[in-house]
Every structure is written in structure tokens, then in C-alpha cells.
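One structure is given below, encoded as C-alpha cells.
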Amino acid sequence: MQTEEARRRLERDLEEYLTALMQEKRYSRNTIAAYRNDLGQFLDHVAAVGAAPEGEWSTLLDGLLGDYVQRLKDTKLRDSAGREKHIATSTVARKIAALKSFFRYLVKRGQIASDPAQGLDTPKVQKRLPRTLSSEDVERLLAAPANSNQPKALRDRALLELLYATGMRVSELVSLNLADVNEMSKEVTVRNDRGDKERHIPVNDRALETLQTYLKHGRPSLVKNSTDQAALFLNHRGQKLTRQGLWLIIKEYAGQAGIPLEVTPHTLRHSFAAHMLQNRKASLGEVQHFLGHASVSTTQIYSQIAAERERDSAES
């Protein structure tokens, strides 16, 4: 049995670890949230089985980590169609990586003498190419809000066009402010999650035109007393559009466009990169800059997607 005091001690250690990740490794808020979720689930398991009754990691029961990982592998979840599926191997591998990182931190701090996660086997994850949309599907998606001149539709078309035209991340798009759009130079300034790096991405005439229409005829109608005066994209309450709000918008228009695949903001980011390379609109280095990748090797995967699309077109 684990007391509330013991649980609080373990939670304190976890929060100190997450703080260290932010301050020393400069991890983004999204990455920290993922670590908190993964390690929080492990903490729940520790509490449920009473594995550290004194709130000390050194008192963990032998074999606990192995049992926990096996439990992850055996767990089944129901998808949207009601079918049972095991947790994805990539998810299990990510959670194991989080455990290994956390326990290395505890060893380094001298809270435990040896690393109980050192012997955990990480399942091999088969790398899959990112899912992209065809150019035709993208056009149908971008055209979906065009059936209305309501403020919401003008906003939605502008954000969809901008998302596809720049390849920015969803967190970057919803963080945009009015001052980040330079209509004269036809550029948008994008900042990372930490706000310590920025890059300037060119915006094509089509996306810029939809953005100008939104700013002139759409955004003024969304402004409320509580409006975030600096924010570029506003929701119906006059507040800055959220990540979740953007996901729902894209899901709505993907359904209207009759696209059978699950479309997320990242799907448009992947499609942007692949299409830019496939159509020779940019070099690999330029696409790396647009996407904000630290290494060009991360961007290289889109060259493979572009090559496969070209091969499929030649064979059809």
C-alpha cells in the first residue's frame, strides 16, 4: 500500500526531472507534455501495485519495470470502429525510452545506486513513410471552405492555405501574431515552441490573397471584448485559435471534401514537403529551412516520398 505522502515524493522527483529537461536540454513544451504523460502512467502503475511504499525509487520491487512493459505490450485499445488493437510498437518504444532517460537521471543524482531500466529491451520500430495527400486531395481540401463568405469560412480558408503553403507546424500556426505577417515581402515569421528561434518563410500569392481577405472581411467580425489583439487567427470567442480547434477544423473540411484518409495538420506539412520536392519547387535544403529541421537528414525522407510518387506516375 502506498501512502499519499509517498506518491507526492515520487511526483516531486518526476517534476524535478521534467524541469531539468526544459532547462538543460531545452525540450519544447510538447515534448515535456509527452514525457509527463508517459511517466505519469508509469507512476500510476507504481502506486497501484504499491511498488515504492516509502516514496523512494530505490525501494522499487524487483521485476516491476519488466512487468510494466509487458503490461503495455498486452494492453488492447478500441479504435473508432470498435476494433481491438494492441498499443503500437512505436508507442511502447517511446515509453521505454522515457523510462530509461528518467532512471539515468536518478542514477546521476545519486537517488538510486543502479539503473533498473538498463536491461529493458526496446522493441524495433519499423520506420514508415509519412502519410501525404495527393495534389488533387489537397486542392479539394483547400476549396472546401470556399462555399461560404462567412467570417469563419474566410478564416478557415486562410489558415488551410497558409498551412499548406509554408509547411509550418500546427503549434507554430496557432502562435502567429498579426505582426508576423509581412505583406510587402510576402513572408511570415515563424517561431519555435520555446520562442528562442525564428525563421522567415515565403508565402505564395494564393495563400497571401486568402490571408488578406480574412484580415479585411473575416477577422474584424471575430473580434470580441476578450480578443487577443495580437493573435492572427481567432476563434468564435475572439480568442487565439487553439491546436485542438485547428485539428477539428481540418477534420471537418476533410470530411466535406470526401477525403477518406485521416487528415491532420501534420498531414498537410508532410504533403507540402513532398510536393515541393516532387515538383522541383525547392531544393532539399530549402525545404529543410521551411520545415525548421535542425538536420537535413530529417528532411531526406521526403525525397523518398517524392521519388516514389514520380515512379508511380510513370508506371500509371
Taking 0.36 nm per residue of separation between residue 26 and residue 83 and subtracting their Cα-Cα distance, the length gained on full extension comes to 16.6 nm
Expected vector for the range 4-19, Karplus 3J(HN,Hα) from phi with 6.51, -1.76, 1.60 and θ = phi - 60°, integer Hz, x for Gly and Pro, equals 5, 5, 5, 4, 5, 5, 5, 5, 4, 4, 5, 5, 5, 5, 5, 5
Return the FRET efficiency for the residue pair residue 62, residue 139: r is the Cβ-Cβ distance, R0 is 35 Å, and the value is rounded to the nearest 0.05. 0.05
CD proxy, 222 nm, the chain: helix-only mean residue ellipticity via -39,500 (n - 2.57) per DSSP H run with n ≥ 4, per residue, nearest 500, stands at -17000 deg cm²/dmol
Holding the Cα-Cα limit at 18 Å, pick out from 76/100; 73/251; 152/240; 25/197; 95/124; 73/124 the pairs that are longer than that. 76/100; 73/251
Please report Rg over Rh for the chain, where both radii come from the alpha carbon positions and Rh follows the Kirkwood definition. 1.03
Taking every pair of alpha-carbon atoms in the range 135-315, give the share separated by more than 22 Å as a whole percent. 45
1/(1 + (r/R0)^6) with r = Cβ-Cβ of residue 192 and residue 251, R0 = 30 Å, i.e. FRET efficiency to nearest 0.05, evaluates to 0.75
Which length gain, in nm to one decimal place, applies between residue 19 and residue 266 when the Cα-Cα distance is subtracted from 0.36 nm times their residue separation? 86.2 nm
Taking square-rooted eigenvalues a ≥ b ≥ c of the alpha carbon gyration tensor, is the range 137-213 rounded, prolate or oblate, where a/c under 1.5 means rounded and, failing that, a/b exceeding b/c means prolate? prolate
By the scheme Lys and Arg +1, Asp and Glu -1, what is the net charge of all other residues having a beta-carbon under 14 Å from that of residue 252? +3
For the range 1-126, alpha-carbon Rg over 2.2 N^0.38 Å: 1.09
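Computed from the coordinates by the stated procedures, all read-outs in this text should not be read as laboratory data. Since this is a predicted model, take the numbers as computed values, not measurements. No Cβ is skipped: glycine too gets one built from the backbone with ideal geometry, and neighbour counts run over all protein chains shown.
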